Amino acid sequence: MSDHNNHNEEQHGKKPGTKREMSRRQFLSYTLGGAGGFMAAGMMIPMLRFAVDPVLQPKKAADWVKVVEESKITNVPQSFTFQVHQVDGWYESDAELVAWISKGSDGKPFALNPTCKHLGCTVNWNDNPAYKDQYFCPCHGAHYTPDGKALAVAPKPLDEYAVKVENGFVYVGQLQANTRV
């Protein structure tokens, strides 16, 4: 029986109950792989931070933009263009926006965004004879009341800009959900 055990030990090249040691090739593979992974992570972290940084920055409220003299505002909506400075991630630009501004039943001015809530086309005031004294979207037939309430097709009312009057001028601010309807 002892010959049989000796024969098995010679065949397998190890004694039963002993640990197998790491070869030089395995040691070098693990060492180089770990060092390479560490260096790759060292290069990736700054790139990841660069890509994610704009998302992590706190959002600031929109600045107030002077649009028109208060004396020029009537009960009939009028289209006014204004420019805002916007930062989108790493890209900064001066965008030209439009607002329909008129006086409400309370005599105070309000401003509506002309973007249709159905599919994003631009609405116009009193543009279609079938819908007199209403905002009308030429793309799909949505129409709205002078306060921006959706009458057909669109699921929501037109968005509203925050408005303030200061020193005889109308200023528009942050775009928000319509509070008039």
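None of the figures in this text is laboratory data; all of them are computed from the coordinates on show. All figures in this text were calculated on a predicted structure; none of them were measured in a lab. Cβ atoms come from the backbone with ideal geometry, glycine included; neighbour counts cover every protein chain shown.
Observations, loosely collected:
- Reciprocal of mean inverse Cα separation for segment 112-181 (Kirkwood radius, Å): 12.4 Å
- On Cα atoms only, tilt of 24-56 relative to the major axis of the chain in degrees: 10 degrees
- For the listed residue pairs K66/K108; K72/K108; K72/K117; K72/K149; K103/K149; K117/K164, the alpha carbons are over 18 angstrom apart in K72/K117; K72/K149; K117/K164.
- Computed helical MRE - 222 nm, the chain, DSSP H runs ≥ 4 contributing -39500 (n - 2.57), nearest 500: -8500 deg cm²/dmol
- Among P58, P146, P155, the largest mean-square fluctuation in a Gaussian network model of the chain (Cα springs under 10 Å) belongs to P58.
- A Cβ-based charge dipole, computed about the Cα centre of the chain with Lys and Arg at +1 and Asp and Glu at -1, lands at about 580 debye.
- Residues of type aspartates and glutamates that K132 reaches as a straight line, Cα spacing below 20 Å, ignoring anything fewer than 8 places off in the same chain: D147
- Calculated P(r) of the chain - Cα pairs past 30 Å, %: 50 percent
- Each Lys or Arg adds one and each Asp or Glu takes one away; over the other residues whose Cβ falls under 14 Å from the Cβ of E70, this sums to +3.
- Using the Stokes-Einstein relation with a Kirkwood hydrodynamic radius computed over Cα pairs, the translational diffusion coefficient of segment 36-105 at 20 °C and a viscosity of 1.002 mPa s comes to 133 µm²/s.
- If you take all other residues with their beta carbon under 9 Å from the beta carbon of H85, and give Lys and Arg +1 and Asp and Glu -1, the sum is -3.
- Acute angle (nearest 10 degrees) that the helix 2-12 long axis makes with the longest principal axis of the chain, alpha-carbon atoms: 40 degrees
- What the Cα atoms of segment 53-147 give is an Rg and a Dmax of 16.0, 50 Å.
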